[in-house]
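To keep things clear, I will list the structure first and then write my remarks on it.
The values are calculated or read from the model by the stated rules, or taken from the named source; none is laboratory data. Every value quoted in this text rests on a predicted model; they were computed, and no experiment measured them. Using ideal geometry, Cβ is built from the backbone for each residue, glycine included, and neighbour counts are taken over all protein chains shown. Ligands, DNA and RNA are stripped out before the accessible areas are found, and what is left, the full protein with its side chains, is counted by its heavy atoms. Shrake-Rupley method; radii C 1.70, N 1.55, O 1.52, S 1.80 Å.
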Amino acid sequence: MKLASALLATLLAAPLAQAQNPLALGQGLRTADPSGHVWKDGRMWLYTSHDEECQDDFHMKDWMAFSSTDLVHWTNHGAVLSIKDLSWATDYAWAPDAAYKNGKYYLVFPAGTGVKDRQNPKNSTKWMGIGIAESDSPAGPFKDMIGAPLWRKPYANDPVLFVDDDGRAYLYSRTSGVNYLVAEMADDMRSIKGELQKMDMGGYEPPMEGPWVFKRKGLYYFTMPEHNRILTYYTAASPKGPWTYRGVIMDAEGGNNHHSIVEYRGQWLLFYHRWLDVPGAACAKKQRHVAAEYLFFNEDGTIRKVERSLTGVADFPQRTGGR
(Lines give C-alpha, C1' and ligand atoms only; values in the text may rest on other atoms or scores of the structure.)
Protein backbone atom coordinates (compact mmCIF):
# COMPACT_ATOMS: atom_id res chain seq x y z
CA MET A 1 0.00 0.00 0.00
CA LYS A 2 2.86 2.38 0.90
CA LEU A 3 4.59 1.58 -2.40
CA ALA A 4 1.39 2.30 -4.35
CA SER A 5 0.93 5.62 -2.51
CA ALA A 6 4.51 6.63 -3.22
CA LEU A 7 4.13 5.75 -6.92
CA LEU A 8 0.92 7.80 -7.13
CA ALA A 9 2.59 10.78 -5.51
CA THR A 10 5.47 10.56 -8.01
CA LEU A 11 3.09 10.37 -10.97
CA LEU A 12 1.08 13.34 -9.74
CA ALA A 13 4.18 15.40 -9.08
CA ALA A 14 5.87 14.66 -12.42
CA PRO A 15 3.55 16.72 -14.68
CA LEU A 16 3.91 19.75 -12.40
CA ALA A 17 7.69 19.39 -12.36
CA GLN A 18 7.81 19.19 -16.15
CA ALA A 19 5.39 22.06 -16.63
CA GLN A 20 7.36 24.51 -14.46
CA ASN A 21 4.22 26.15 -13.13
CA PRO A 22 4.24 26.63 -10.18
CA LEU A 23 7.77 27.95 -10.48
CA ALA A 24 10.63 25.67 -9.41
CA LEU A 25 11.79 27.84 -6.50
CA GLY A 26 12.89 24.93 -4.32
CA GLN A 27 11.90 21.43 -3.32
CA GLY A 28 9.42 21.51 -0.46
CA LEU A 29 9.27 25.32 -0.29
CA ARG A 30 5.87 26.97 0.22
CA THR A 31 6.01 30.55 -1.08
CA ALA A 32 3.39 33.22 -1.73
CA ASP A 33 2.83 36.93 -2.45
CA PRO A 34 5.54 37.32 -5.15
CA SER A 35 6.96 40.79 -5.77
CA GLY A 36 8.78 40.86 -9.10
CA HIS A 37 11.55 43.34 -9.99
CA VAL A 38 14.30 43.75 -12.58
CA TRP A 39 17.40 45.45 -11.20
CA LYS A 40 20.59 46.76 -12.82
CA ASP A 41 22.16 43.25 -12.79
CA GLY A 42 19.62 42.24 -15.46
CA ARG A 43 18.18 39.35 -13.45
CA MET A 44 14.53 38.78 -12.63
CA TRP A 45 14.12 39.02 -8.86
CA LEU A 46 11.23 37.72 -6.76
CA TYR A 47 10.66 38.66 -3.13
CA THR A 48 8.15 36.40 -1.41
CA SER A 49 6.54 35.55 1.86
CA HIS A 50 7.38 32.10 3.20
CA ASP A 51 4.71 29.72 4.42
CA GLU A 52 5.76 27.04 6.87
CA GLU A 53 4.78 23.51 5.90
CA CYS A 54 1.15 22.86 6.91
CA GLN A 55 1.15 26.13 8.87
CA ASP A 56 -1.67 27.03 11.19
CA ASP A 57 -3.30 30.21 9.92
CA PHE A 58 -0.69 32.72 8.63
CA HIS A 59 1.98 32.73 11.34
CA MET A 60 5.03 33.40 9.18
CA LYS A 61 8.57 34.26 10.22
CA ASP A 62 10.71 35.48 7.29
CA TRP A 63 10.89 36.88 3.75
CA MET A 64 12.78 35.19 0.90
CA ALA A 65 14.42 36.24 -2.38
CA PHE A 66 14.93 34.35 -5.64
CA SER A 67 16.52 35.36 -8.95
CA SER A 68 16.73 34.00 -12.49
CA THR A 69 17.76 34.90 -16.03
CA ASP A 70 15.45 32.42 -17.79
CA LEU A 71 12.48 32.06 -15.36
CA VAL A 72 13.03 28.29 -15.41
CA HIS A 73 16.13 27.93 -13.25
CA TRP A 74 15.99 29.95 -10.03
CA THR A 75 18.62 30.80 -7.43
CA ASN A 76 17.31 30.70 -3.86
CA HIS A 77 18.97 33.52 -1.89
CA GLY A 78 17.34 32.36 1.33
CA ALA A 79 15.75 34.53 4.00
CA VAL A 80 16.72 38.17 3.39
CA LEU A 81 15.00 39.40 6.55
CA SER A 82 13.40 37.62 9.52
CA ILE A 83 11.01 38.47 12.32
CA LYS A 84 13.86 37.81 14.77
CA ASP A 85 15.69 40.78 13.21
CA LEU A 86 12.91 43.16 14.31
CA SER A 87 12.48 44.79 17.72
CA TRP A 88 8.85 45.83 17.16
CA ALA A 89 7.16 42.69 15.79
CA THR A 90 6.99 38.99 16.63
CA ASP A 91 4.86 37.45 13.85
CA TYR A 92 2.99 37.88 10.53
CA ALA A 93 5.84 38.13 8.01
CA TRP A 94 3.37 38.74 5.20
CA ALA A 95 3.59 40.07 1.63
CA PRO A 96 6.73 42.18 0.96
CA ASP A 97 7.80 44.49 -1.84
CA ALA A 98 11.12 46.02 -2.88
CA ALA A 99 12.52 49.12 -4.58
CA TYR A 100 15.83 50.64 -5.70
CA LYS A 101 16.64 54.26 -4.92
CA ASN A 102 19.62 56.31 -3.74
CA GLY A 103 21.98 53.48 -4.71
CA LYS A 104 20.29 51.20 -2.16
CA TYR A 105 17.78 48.35 -2.25
CA TYR A 106 14.75 48.65 0.00
CA LEU A 107 12.45 45.95 1.32
CA VAL A 108 9.07 47.16 2.55
CA PHE A 109 7.22 44.60 4.62
CA PRO A 110 4.32 44.03 7.03
CA ALA A 111 4.80 42.48 10.47
CA GLY A 112 2.94 42.52 13.75
CA THR A 113 2.12 41.25 17.20
CA GLY A 114 -0.75 39.67 19.09
CA VAL A 115 -3.24 36.96 18.23
CA LYS A 116 -6.20 36.88 15.85
CA ASP A 117 -9.17 34.98 17.27
CA ARG A 118 -11.22 33.98 14.23
CA GLN A 119 -13.99 32.40 16.32
CA ASN A 120 -14.37 35.36 18.69
CA PRO A 121 -12.98 38.45 16.91
CA LYS A 122 -13.62 40.65 19.97
CA ASN A 123 -10.84 38.72 21.73
CA SER A 124 -8.29 39.48 19.03
CA THR A 125 -5.18 41.45 19.98
CA LYS A 126 -3.53 41.33 16.55
CA TRP A 127 -1.85 44.46 15.20
CA MET A 128 0.23 44.95 12.04
CA GLY A 129 2.39 47.74 10.69
CA ILE A 130 4.68 48.49 7.75
CA GLY A 131 8.45 48.38 8.12
CA ILE A 132 11.26 49.30 5.74
CA ALA A 133 14.69 47.72 5.52
CA GLU A 134 17.79 48.54 3.47
CA SER A 135 20.62 46.66 1.76
CA ASP A 136 23.54 47.25 -0.60
CA SER A 137 22.56 44.10 -2.50
CA PRO A 138 19.28 42.84 -3.99
CA ALA A 139 20.06 39.50 -2.29
CA GLY A 140 20.21 41.14 1.13
CA PRO A 141 20.61 40.76 3.96
CA PHE A 142 18.27 43.67 4.64
CA LYS A 143 18.49 45.70 7.85
CA ASP A 144 15.61 47.46 9.60
CA MET A 145 17.02 50.98 9.63
CA ILE A 146 14.44 52.75 11.81
CA GLY A 147 13.61 50.04 14.35
CA ALA A 148 9.90 50.79 14.13
CA PRO A 149 6.97 50.73 11.70
CA LEU A 150 6.52 53.71 9.39
CA TRP A 151 3.30 54.45 11.30
CA ARG A 152 1.26 52.71 14.01
CA LYS A 153 -2.25 53.84 13.10
CA PRO A 154 -4.04 52.76 11.03
CA TYR A 155 -3.31 49.03 11.20
CA ALA A 156 -1.75 48.16 7.83
CA ASN A 157 -0.28 45.32 5.76
CA ASP A 158 0.44 44.29 2.15
CA PRO A 159 2.59 47.30 1.16
CA VAL A 160 3.80 48.14 -2.34
CA LEU A 161 6.51 50.66 -3.27
CA PHE A 162 6.40 52.38 -6.63
CA VAL A 163 9.32 54.58 -7.73
CA ASP A 164 8.35 56.85 -10.61
CA ASP A 165 10.57 58.01 -13.46
CA ASP A 166 11.33 61.24 -11.59
CA GLY A 167 12.66 59.29 -8.58
CA ARG A 168 9.72 60.01 -6.29
CA ALA A 169 8.61 56.95 -4.34
CA TYR A 170 5.02 56.17 -3.38
CA LEU A 171 3.80 53.66 -0.80
CA TYR A 172 0.40 51.95 -1.05
CA SER A 173 -0.95 49.38 1.40
CA ARG A 174 -4.02 47.65 2.74
CA THR A 175 -5.26 49.49 5.82
CA SER A 176 -7.88 49.00 8.51
CA GLY A 177 -11.07 51.06 8.35
CA VAL A 178 -10.34 52.81 5.06
CA ASN A 179 -8.47 51.57 2.00
CA TYR A 180 -7.02 53.06 -1.18
CA LEU A 181 -4.51 55.23 0.65
CA VAL A 182 -1.18 56.49 -0.65
CA ALA A 183 1.82 58.20 0.94
CA GLU A 184 4.88 59.71 -0.68
CA MET A 185 8.12 58.48 0.85
CA ALA A 186 10.72 60.88 2.16
CA ASP A 187 13.84 61.14 0.00
CA ASP A 188 15.87 59.02 2.45
CA MET A 189 13.18 56.28 2.32
CA ARG A 190 12.95 56.14 6.11
CA SER A 191 9.63 57.90 6.66
CA ILE A 192 6.57 59.14 4.81
CA LYS A 193 5.91 62.76 3.88
CA GLY A 194 2.88 64.06 5.76
CA GLU A 195 -0.27 61.99 6.18
CA LEU A 196 -1.71 59.05 4.28
CA GLN A 197 -3.94 60.37 1.49
CA LYS A 198 -7.22 58.87 0.30
CA MET A 199 -7.26 58.36 -3.46
CA ASP A 200 -10.20 58.94 -5.78
CA MET A 201 -11.16 55.48 -7.12
CA GLY A 202 -14.04 56.71 -9.28
CA GLY A 203 -16.73 55.55 -6.87
CA TYR A 204 -15.85 51.83 -6.90
CA GLU A 205 -14.00 50.67 -3.77
CA PRO A 206 -14.51 46.95 -3.11
CA PRO A 207 -12.71 45.16 -0.26
CA MET A 208 -9.18 44.29 -1.34
CA GLU A 209 -5.72 43.24 -0.28
CA GLY A 210 -2.19 43.41 -1.74
CA PRO A 211 -2.21 46.23 -4.34
CA TRP A 212 0.44 46.49 -7.06
CA VAL A 213 1.26 49.66 -9.01
CA PHE A 214 3.23 49.93 -12.24
CA LYS A 215 3.60 52.27 -15.21
CA ARG A 216 3.47 51.51 -18.94
CA LYS A 217 3.65 54.02 -21.81
CA GLY A 218 2.88 56.92 -19.50
CA LEU A 219 -0.18 55.24 -17.99
CA TYR A 220 -0.32 54.19 -14.32
CA TYR A 221 -1.95 50.92 -13.28
CA PHE A 222 -3.33 50.17 -9.80
CA THR A 223 -3.99 46.43 -9.59
CA MET A 224 -5.29 44.39 -6.67
CA PRO A 225 -6.98 41.18 -5.48
CA GLU A 226 -10.58 42.37 -5.29
CA HIS A 227 -12.37 40.66 -2.38
CA ASN A 228 -8.88 39.19 -1.79
CA ARG A 229 -9.30 36.74 -4.69
CA ILE A 230 -10.11 38.28 -8.10
CA LEU A 231 -7.28 40.26 -9.70
CA THR A 232 -8.66 43.54 -11.08
CA TYR A 233 -7.25 46.94 -12.04
CA TYR A 234 -7.65 50.68 -12.49
CA THR A 235 -5.71 53.17 -14.65
CA ALA A 236 -4.78 56.83 -14.14
CA ALA A 237 -2.62 59.64 -15.50
CA SER A 238 -0.98 60.11 -12.07
CA PRO A 239 0.36 57.73 -9.38
CA LYS A 240 -2.17 59.25 -6.95
CA GLY A 241 -5.16 59.01 -9.31
CA PRO A 242 -7.94 59.80 -9.88
CA TRP A 243 -8.37 56.16 -10.96
CA THR A 244 -10.74 54.58 -13.47
CA TYR A 245 -11.84 50.98 -12.89
CA ARG A 246 -11.06 48.70 -15.86
CA GLY A 247 -12.11 45.18 -14.85
CA VAL A 248 -10.77 41.68 -14.24
CA ILE A 249 -7.24 40.43 -14.92
CA MET A 250 -7.62 36.95 -13.41
CA ASP A 251 -10.61 35.11 -11.93
CA ALA A 252 -10.64 33.61 -8.44
CA GLU A 253 -9.56 30.04 -7.94
CA GLY A 254 -10.30 29.46 -4.24
CA GLY A 255 -8.21 31.01 -1.49
CA ASN A 256 -6.61 34.43 -1.66
CA ASN A 257 -4.38 35.63 -4.47
CA HIS A 258 -1.54 38.15 -4.42
CA HIS A 259 0.47 39.24 -7.42
CA SER A 260 2.92 41.51 -9.20
CA ILE A 261 3.26 42.63 -12.82
CA VAL A 262 6.63 43.41 -14.43
CA GLU A 263 8.29 43.53 -17.85
CA TYR A 264 11.38 41.41 -18.39
CA ARG A 265 13.26 41.08 -21.68
CA GLY A 266 10.36 42.32 -23.73
CA GLN A 267 7.76 40.07 -22.06
CA TRP A 268 5.15 41.27 -19.58
CA LEU A 269 4.72 38.81 -16.72
CA LEU A 270 2.12 38.20 -14.03
CA PHE A 271 3.47 36.55 -10.89
CA TYR A 272 0.85 35.22 -8.46
CA HIS A 273 0.25 32.31 -6.09
CA ARG A 274 -1.95 29.23 -6.27
CA TRP A 275 -3.43 26.99 -3.58
CA LEU A 276 -2.57 23.42 -4.56
CA ASP A 277 -2.65 19.93 -3.08
CA VAL A 278 0.85 18.64 -2.44
CA PRO A 279 1.42 14.89 -2.95
CA GLY A 280 3.34 13.53 0.01
CA ALA A 281 2.81 16.60 2.22
CA ALA A 282 2.39 16.12 5.96
CA CYS A 283 -1.13 17.53 5.81
CA ALA A 284 -4.14 16.99 3.58
CA LYS A 285 -4.82 20.60 2.66
CA LYS A 286 -3.99 22.99 -0.15
CA GLN A 287 -0.86 25.08 0.28
CA ARG A 288 0.44 28.15 -1.55
CA HIS A 289 2.94 28.14 -4.43
CA VAL A 290 4.27 30.99 -6.58
CA ALA A 291 3.33 30.75 -10.26
CA ALA A 292 3.64 32.94 -13.37
CA GLU A 293 1.86 33.66 -16.66
CA TYR A 294 2.44 35.96 -19.61
CA LEU A 295 0.41 39.18 -19.59
CA PHE A 296 -0.78 40.96 -22.73
CA PHE A 297 -2.15 44.44 -23.42
CA ASN A 298 -4.63 45.65 -26.01
CA GLU A 299 -3.86 48.59 -28.30
CA ASP A 300 -5.71 50.97 -25.94
CA GLY A 301 -3.61 49.88 -22.94
CA THR A 302 -6.25 47.67 -21.34
CA ILE A 303 -5.12 44.29 -20.01
CA ARG A 304 -6.28 41.03 -21.55
CA LYS A 305 -7.69 38.52 -19.12
CA VAL A 306 -5.17 35.89 -17.98
CA GLU A 307 -5.92 32.17 -17.60
CA ARG A 308 -3.92 29.94 -15.30
CA SER A 309 -1.85 27.28 -17.04
CA LEU A 310 0.39 24.33 -16.22
CA THR A 311 3.11 25.60 -18.55
CA GLY A 312 3.20 29.21 -17.34
CA VAL A 313 6.39 30.85 -18.62
CA ALA A 314 8.36 27.62 -19.19
CA ASP A 315 9.08 28.65 -22.80
CA PHE A 316 10.60 32.01 -21.75
CA PRO A 317 14.12 31.00 -22.95
CA GLN A 318 12.74 30.21 -26.42
CA ARG A 319 10.69 33.42 -26.56
CA THR A 320 13.72 35.51 -25.72
CA GLY A 321 16.18 33.76 -27.99
CA GLY A 322 17.70 31.54 -25.31
CA ARG A 323 19.19 34.46 -23.40
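In table form, for the structure just shown:
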| quantity | calculated |
| --- | --- |
| Rg and Dmax [Cα atoms of the chain; Å; Rg one decimal, Dmax integer] | 19.2, 64 |
| Hull shadow area, averaged, region 118-200 [alpha-carbon convex hull, nm²] | 7.5 |
| At R0 = 35 Å, FRET efficiency that the Cβ-Cβ distance of Lys104 and Ala282 yields, to 0.05 | 0.30 |
| For region 79-231, Kirkwood radius (reciprocal of mean inverse C-alpha pair distance, Å) | 16.2 |
| GNM top mover of Val115, Val213, Val248 - the chain, alpha-carbon springs below 10 Å | Val115 |
| Per residue value of the accessible surface for region 147-196 (all protein chains in place, 1.4 Å probe), Å² | 43 |
| All lysines inside 20 Å of Lys101 as judged from Cα atoms, apart from same-chain residues fewer than 8 positions distant | Lys40, Lys143, Lys193, Lys215, Lys240 |
| Reciprocal mean inverse distance between Cα atoms of region 212-323 - Kirkwood radius, Å | 15.3 |
| Share of carbon and sulfur in the accessible heavy-atom surface of region 173-262 [1.4 Å probe, %] | 47 |
| Descending Cα extents along the principal axes, region 33-108, whole Å | 36, 31, 16 |
| Residue-averaged [θ]222 nm for the chain, counting only DSSP H segments that reach four residues, each worth -39500 (n - 2.57) | -2000 deg cm²/dmol |
| Inter-site label distance for Trp268 and Arg308 at 7 Å from Cα along Cβ, in nm | 2.2 |
| Straight-distance crosslink candidates among lysines, where the alpha carbon sits under 25 Å from Lys116 and sequence neighbours closer than 8 are dropped | Lys61, Lys84, Lys126, Lys153, Lys285, Lys286 |
| Most mobile of Pro154, Pro22, Pro211 in a GNM of the chain (Cα contacts under 10 Å) | Pro154 |
